[in-house]
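Enquirer: First, the structure itself, so that you have it in front of you.
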Amino acid sequence: MRFSSSILDGRYEVKAEDYMTVHVDTSFGQCDLIISSMVMEHLDKELESTFMHRSTELLRPGGLLIGLVPASPTHWGIEDEIAGHCRRYTREDLQALAIDTHWEIRHLAGLTYPVSNILLPVSNFLVGRAEKSKMTLTDLEKTKASGIRSVRFKTRFPNAMSLVLNRYVLFPLHLTQKAFSSESNSLVLYFEATPQQVRN
């Protein structure tokens, strides 16, 4: 089992609890790293600020927050609606949030451009066909359901497609994505940040 030795040593524990209120044992020290992957867009403005302040409390001096958020508000679509998103971010949104909550963004890059943009109409069609029924859920229910998805040809693929969907065939697209990391229409933003009061 993955992480079995860390679990036995008491160094790794999975908690399915509210990040904003969960008790974290800091007897080993504060956290070195916090990863937020497609979470912040589900928080209203007050909770978004609370999330940043909570992360400040938990990070050790020099610790890092790594985040991934959906980007480009002009590309708001059905996937945002069924997932319970409150927003899509711009670079300026993240910079303003950092200033307001006393963080410093060390690195900021756009991801998935231009491939995701080209495929977005297909993605919207597949999501609409498979998950349109989620539109009737509450925002909280949508958020909970957003982590468990099964959309054929978007989140689930036939095994045979591994002949195309693998790191070797797609490597040129990886390089293309890196070349366009400053593109404002990127559909995902990646950032690394640290609280100002604990920066090196």
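Computed from the coordinates by the stated procedures, all read-outs in this text should not be read as laboratory data. This is a predicted model, so every value here is computed, not measured. Neighbour counts are summed over all protein chains in view; Cβ atoms, including those assigned to glycine, are modelled from backbone coordinates with ideal geometry.
Enquirer: Which ranges mark the helices (runs of 4 or more DSSP H) fully within region 75-181 that have 3 or more residues being out of contact with any Lys or Arg (no Cβ under 8 Å at 6 or more places or on another chain) and buried (at least 17 other Cβ atoms within 10 Å of the Cβ)?
Expert: 91-100
Enquirer: I've got another one for you. When both residues are 6+ apart or on different chains and their Cβ atoms are under 7 Å apart, which pairs have a first residue that lies in region 1-18 and is more than 26 Å from residue 144 (Cα to Cα), and a second that is surrounded by 10 or more Cβ atoms within 10 Å (Cβ to Cβ)?
Expert: 6/12
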